[in-house]
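Step one of this worksheet: look at the structure below.
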Protein chains: 2
Amino acid sequence: MKKLNILVSNDDGIDSPGIYALVHELRKVANVFVVAPDREQSAVGHSLTIYSPLRATKFHRDGEMFGYSVTGTPSDCVKLAISSLCEVRPDIVVSGINHGPNTSINILYSGTVSGATEGMLSGIPSMAVSLDSHDYNSDMTVAAKYASLLAMQIPDMNIPDGTFLNVNVPAVPEEEIKGIRVVHHNKSVWKDKYLKRNDPFGREYFWFSGEYIKSEDNAEADDTALHQNYVTVNPIHYDITNHEYKKQIKNIEELRLGNS
Amino acid sequence: MKKLNILVSNDDGIDSPGIYALVHELRKVANVFVVAPDREQSAVGHSLTIYSPLRATKFHRDGEMFGYSVTGTPSDCVKLAISSLCEVRPDIVVSGINHGPNTSINILYSGTVSGATEGMLSGIPSMAVSLDSHDYNSDMTVAAKYASLLAMQIPDMNIPDGTFLNVNVPAVPEEEIKGIRVVHHNKSVWKDKYLKRNDPFGREYFWFSGEYIKSEDNAEADDTALHQNYVTVNPIHYDITNHEYKKQIKNIEELRLGNS
């Protein structure tokens, strides 16, 4: 069988342990092309660099060319890779492995997920992968193995246009993982709090803090299944119109401006 | 009737004509509190500033306090406003008026829309408003009037939890606007292109370019209706799991790691 061409990006930066573990595992079975941000880009959401130029530099690791380091966001990296840097069009885009889970609607803030979104928008089957731990020293091996297992499955999965996979892996030893679960997303949200402090010159500043409030849901929801030590796979699409409510507000089409 | 308390933000920056026209119009009928970025934040998507502090400074216009200028993104502004700066909890959040349309799934990149998303995530009825013109000198008056008309309607619209309104206004004289249309989003996407150039030192750089490819759809889709001179109202929600496809891939739950 012909080896798959896989484009890999992430949001923790090209020098992070997560992308290294992922690429190491994928290179056993596929041709891997890496284009990733030159520094951490967490919480950049679906940002795009349009008012400044991008630089792409070859990045070496263990004495070998590892991939291209780009002065931009995950979205920039995937767009630039597909349109300009890749010699062959990728069969799959994989973004990750992120330090920290990307679950619930908090994926709206996720650079990792936006990398997979860009792949999908370019018409390429795509997957985001995250580990449920923010610890920089977490073992990424198990997550990398699951990422590879699922990536190899993608060509047979008939992922519909406009849909991609968002994968989260529990941060536990391999034998404690209960299996894979196809999920929807919880409705957990951050309860915002800003710490108000004064700088050394006595001027006020604010710093984002806050608390993650897990919503209750059934065992098919991502936060819930992940907490039960399942690898979660959420097929995401952006059919974001609330079609039901759209029908209910037809009457606003009758509104007219007053003669003010 | 008690005056509504409206929080206004945007992504073009607190000194842009769009937010000025919007606030001017809304202040005729509501209490308006402005918290907006200190500079243009277009294409920041749903970015959040978490690794640096935020500053909020009083910003004056025409000799009066206009609002708070914040060193962050639209998401930062709305989060900071609701949690820390607003004296009363807003009844409504309005983000805009943006220079340039926010239609199709390109709203994923939109700072303007992310401002409304944050309001919604905080449980407040929210609306994003954009004008279909990138011209800095466009007349914002008509768009501001429609924004006000719709904002005053919001308390009676029973917007469901998790849903907000994305409004686009044609850039034509008032009498040429055909009315309001409730829409879903087109599937138009940008065809990516990066210009490859050399800097004055001969080093290569890339700059995002590309072309907006409008998809065909019916008269109830945003790009299409906007082009026909309708004010479009898309009720957006982030129920982004593809539930249909989720059922189809249940079989991947049987996958197991090999003994590699």
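The values are calculated or read from the model by the stated rules, or taken from the named source; none is laboratory data. From a predicted model like this one, the values you see are computed outputs, not experimental measurements. Heads up, the Cβs are rebuilt from the backbone with ideal geometry, glycines too, and the neighbour counts pull from every protein chain shown.
Yes or no: the range A:221-238 includes at least one residue that is at pLDDT below 90, facing another protein chain (nearest Cβ under 8 Å) and under 30 Å from residue B:230 (Cβ atoms). Scanning the range A:221-238 turns up at least one residue that is at pLDDT below 90, facing another protein chain (nearest Cβ under 8 Å) and under 30 Å from residue B:230 (Cβ atoms). I'd like to know if the range A:68-77 contains one or more residues that are under 30 Å from residue B:120 (Cβ atoms), assigned to a helix (DSSP H, G or I) and among the polar types (S, T, N, Q). Yes. Yes or no: the range B:54-69 includes at least one residue that is farther than 22 Å from residue B:149 by Cα, of a type in the set (Asp, Glu) and within 14 Å of chain A (Cβ to nearest Cβ). There is no residue in the range B:54-69 that is farther than 22 Å from residue B:149 by Cα, of a type in the set (Asp, Glu) and within 14 Å of chain A (Cβ to nearest Cβ). Can you say whether residue B:142 is closer than 30 Å to residue B:82 by Cα, within 12 Å of chain A (Cβ to nearest Cβ), crowded, with 19+ Cβ neighbours inside 10 Å and in contact with a Phe, Trp or Tyr (Cβ under 6 Å, 6 or more places away or on another chain), as far as the supplied structure shows? No; evaluated as a whole, the condition is false for this residue. Does residue A:130 meet the test of being of a type in the set (S, T, N, Q) and under 23 Å from residue B:258 (Cβ atoms)? Taking the combined requirement at face value, the residue satisfies it.
The residues on offer are A:135, A:91, and the sole one that is over 24 Å from residue A:159 (Cβ atoms) and away from chain B (no Cβ under 12 Å) is A:135. Number of residues in the range A:10-47 that are buried (at least 24 other Cβ atoms within 10 Å of the Cβ) and in a loop (DSSP other than H, G, I, E, B) equals 9.
Scanning the range A:213-225 for residues that are within 23 Å of residue A:192 (Cα to Cα) and either surrounded by fewer than 21 Cβ atoms within 10 Å (Cβ to Cβ) or not small (Gly, Ala, Ser) (or both) gives A:213, A:214, A:215, A:216, A:217, A:222, A:223, A:224.
Scanning the range B:245-254 for residues being more than 7 Å from every other protein chain (Cβ to nearest Cβ) and either in contact with a Leu (Cβ under 6 Å, 6 or more places away or on another chain) or outside any helix (DSSP H, G or I) (or both) gives a total of 0. Comparison of A:111, A:123 shows that the only residue that is surrounded by 24 or more Cβ atoms within 10 Å (Cβ to Cβ), within 23 Å of residue A:91 (Cβ to Cβ) and either within 12 Å of chain B (Cβ to nearest Cβ) or in contact with an Asp or Glu (Cβ under 9 Å, 6 or more places away or on another chain) (or both) is A:111. In summary, residue A:100 fulfils each of the numbered conditions (1) under 29 Å from residue A:186 (Cα atoms); (2) surrounded by 24 or more Cβ atoms within 10 Å (Cβ to Cβ); (3) not polar (S, T, N, Q) with the single exception of condition (2).
Among the small types (Gly, Ala, Ser), free of Cβ contacts under 8 Å to residues at least 40 places away in the same chain and under 25 Å from residue A:115 (Cα atoms): does that describe residue B:72? Yes; evaluated as a whole, the condition is true for this residue.
The residue that is farthest from residue B:160 (Cα to Cα), counting only those in the range B:72-84 that are at the interface with another protein chain (Cβ under 9 Å from one of its Cβ atoms) and over 16 Å from the mean Cα position of the chain (by Cα), is B:84. Considering each residue of the range A:166-211, count those that are within 10 Å of chain B (Cβ to nearest Cβ), touching a residue at least 24 places away in the same chain (Cβ under 8 Å) and touching a Lys or Arg at 6+ places or on another chain (Cβ under 6 Å), and give that number. Count: 1.
For the range B:174-208, residues that are farther than 30 Å from residue A:243 by Cα, out of contact with any Phe, Trp or Tyr (no Cβ under 8 Å at 6 or more places or on another chain) and not basic (Lys, Arg) total 5. Scanning the range B:48-82 for residues that are among the hydroxyl-bearing types (Ser, Thr, Tyr) and crowded, with 18+ Cβ neighbours inside 10 Å gives B:49, B:68, B:69, B:71, B:73, B:75.
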